[in-house]
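Novice: Starting off with a structure, shown below.
The values are calculated or read from the model by the stated rules, or taken from the named source; none is laboratory data. From a predicted model like this one, the values you see are computed outputs, not experimental measurements. Here the Cβ positions follow ideal geometry from the backbone for every residue, glycine too, while neighbour counts run over all protein chains shown.
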Amino acid sequence: MLVTGGAGFVGSHLVERLLRRGDAVTVIDDLSTGSRPNLALAQSAAPGSGSLEFVHGRLSDTLSAWGRPAASFAEVYHLAAAVGVKLIMQRPVESIENNVAETAALFRWLTSGPGPKPVTLLASSSEVYGKGVKSPFSEDDDVLYGPTTVARWSYAASKALDEHMALACHTHAGVPVVVARLFNTVGPRQIGHYGMVLPTFVSAALAGTDLPVYGDGRQSRCFCDVRDVVIALTDLLAAPACHGRVFNVGSNQSITIADLAGLVCRVLGSASGIAPVPYREAYGEGYEDLRQRQPDLSRISAAIGWSPRIDLPSTIRDLAAALTASPPDMKVSPASSALLSGGAHP
Ligand SMILES: NC(=O)c1ccc[n+]([C@@H]2O[C@H](COP(=O)([O-])OP(=O)(O)OC[C@H]3O[C@@H](n4cnc5c(N)ncnc54)[C@H](O)[C@@H]3O)[C@@H](O)[C@H]2O)c1
């Protein structure tokens, strides 16, 4: 199994699930936002099962230097990307290039070379729906973006282009593909550096400082535990009837951001307050936010019988525990130590 972006937040939980299954897993990750401790945690949670090879490098560079055919993998999970609106707005050129060119490189590699094509999952995003006002969002809904002069829409557009590429390779190049549109995904190992709301709130509550709530706090989102999400990802890929299709993956339980701040404080017994932050201070002038974003889960439920199981208070407690614990060391097999040191790939 190949996991791009496997040292990241969602990727490391996926790796953990695959290792528990007993799979041989190869991760390609440039550690731009991911980390070795994430992989060490995945390994230590699945002791003695499966095997892990870690290739430290940019995806496109690694694939072009590799000489390893796509057919040597049964499944490919493509998670490597510049993630989150804040990161995209801070580093737009690099992020657009990362999301578009790196995915193109992966599909070029998948479609070239001899042998059967691995079944491939593209991790897309609910951002693809843009600022449509219909609720909940269904997979075949029209999408609505703001103008190209507003930088935040570049994340949505880049992910939409990735979806087109994946679905075109399914139809025209024989790569069995599943597109998973992830809604807000939360849980242990997520960090707040790139504007992710729950780790930011949990860190503040643990530190006893005010929780920064953007805008009026009445915008709502649905938060799904990453450990539920990775079950959906593997089960979607394992079901041939899902290939060539797009699926929403997330929770359909909505909560406002102000209520989320209150819930975090209650669950963690924190006396922190709330600090309102205007959008222009958080993101700069002209930022457009969405009032709500909720997935219609009927398609995924009918296809694989999936629905989220872990409730938000449990996720908050586990995230708090993870943020206060120190990570274990990563176990390195002799075969992968050269790759780990970065010797084989830039
Ligand atoms: N976390 C969420 O709420 C969420 C929501 C919607 C979609 N997604 C999608 O899920 C996927 C994983 O997101 P995440 O939250 O785990 O983010 P993350 O930043 O933790 O993971 C991305 C990983 O990809 C790696 N990476 C980035 N560009 C790379 C490149 N060119 N070559 C090699 N490695 C590279 C990073 O180092 C990181 O480990 C992304 O595709 C993202 O768009 C996540």
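Novice: Are any residues in the stretch 119-147 closer than 21 Å to residue 223 by Cα, more than 16 Å from the ligand (Cβ to nearest atom) and either in a helix (DSSP H, G or I) or β-branched (Val, Ile, Thr) (or both), and if so, which ones?
Specialist: 133
Novice: Out of the residues in the stretch 1-25 that are of a type outside the set (A, V, I, L, M) and in a helix (DSSP H, G or I), state the one that is farthest from the ligand (Cβ to nearest atom). Give the steps one after another, and end with the answer.
Specialist: From the stretch 1-25, those of a type outside the set (A, V, I, L, M) are 4-6, 8-9, 11-13, 16-17, 20-23; that's our starting set.
Now restrict to residues that are in a helix (DSSP H, G or I): 9, 11-13, 16-17, 20.
Working: 9: 4, 11: 5, 12: 8, 13: 8, 16: 13, 17: 14, 20: 18 Å.
Among those that are of a type outside the set (A, V, I, L, M) and in a helix (DSSP H, G or I), it is 20.
Novice: So in the stretch 44-59, with the set limited to residues that are at pLDDT 95 or above and in contact with a Lys or Arg (Cβ under 9 Å, 6 or more places away or on another chain), which one is surrounded by the fewest Cβ atoms within 10 Å (Cβ to Cβ)?
Specialist: It comes out as 56.
Novice: While we're on this one: Would you pick out the residues in the stretch 304-327 that are closer than 26 Å to residue 178 by Cα and assigned to a helix (DSSP H, G or I)?
Specialist: Of the stretch 304-327, the ones closer than 26 Å to residue 178 by Cα are 304-310.
Passing the criteria: only 304.
Novice: Considering each residue of the stretch 64-116, count those that are in contact with a Leu (Cβ under 7 Å, 6 or more places away or on another chain) and on the phi > 0 side of the Ramachandran plot, and give that number.
Specialist: Count: 0.
Novice: Would you kindly identify the helices (runs of 4 or more DSSP H) lying entirely within the stretch 58-111 that contain at least 1 residues that are among the β-branched types (Val, Ile, Thr) and more than 9 Å from the ligand (Cβ to nearest atom)?
Specialist: Numbers: elements: 59-66, 85-90, 92-111.
Fully inside the stretch 58-111 and qualifying: 85-90, 92-111.
Novice: Give just the number: which of (1) touching a Pro at 6+ places or on another chain (Cβ under 9 Å); (2) more than 16 Å from the ligand (Cβ to nearest atom); (3) closer than 21 Å to residue 250 by Cα does residue 181 not satisfy?
Specialist: Result: residue 181 passes all but (2).
Novice: Same structure, new question: Which of the residues spanning the stretch 190-230 are within 15 Å of the ligand (Cβ to nearest atom), more than 21 Å from residue 89 (Cα to Cα) and surrounded by fewer than 18 Cβ atoms within 10 Å (Cβ to Cβ)?
Specialist: Listed by number, the list is empty, since nothing qualifies.
Novice: Then there is this: For the stretch 3-28, how many residues are in contact with an Asp or Glu (Cβ under 8 Å, 6 or more places away or on another chain) and buried (at least 24 other Cβ atoms within 10 Å of the Cβ)? If you could, list the steps in order and put the result at the bottom.
Specialist: We begin by selecting, within the stretch 3-28, every residue in contact with an Asp or Glu (Cβ under 8 Å, 6 or more places away or on another chain); these are 4-8, 11, 24-27.
Imposing the further condition that a residue be buried (at least 24 other Cβ atoms within 10 Å of the Cβ) reduces the set to 4-8, 11, 25, 27.
Matching residues across the stretch 3-28 total 8.
Novice: Same structure, new question: Being in contact with a strand residue (DSSP E or B) (Cβ under 8 Å, 6 or more places away or on another chain) and within 12 Å of the ligand (Cβ to nearest atom) is the requirement here; does residue 167 meet it? Explain how you work it out, then say what you get.
Specialist: Working: in contact with a strand residue (DSSP E or B) (Cβ under 8 Å, 6 or more places away or on another chain): yes; within 12 Å of the ligand (Cβ to nearest atom): no.
When the stated conditions are applied, residue 167 does not pass them.
Novice: Additional query: Out of the residues in the stretch 26-39 that are within 18 Å of residue 319 (Cβ to Cβ) and outside any loop (DSSP other than H, G, I, E, B), which is nearest to the ligand (Cβ to nearest atom)? Write out each step before concluding.
Specialist: Here is the first cut: in the stretch 26-39, the ones within 18 Å of residue 319 (Cβ to Cβ) are 33-35, 37-38.
Then keep just the ones that are outside any loop (DSSP other than H, G, I, E, B); that gives 37-38.
Values: 37: 11, 38: 7 Å.
Looking at residues that are within 18 Å of residue 319 (Cβ to Cβ) and outside any loop (DSSP other than H, G, I, E, B), I get 38.
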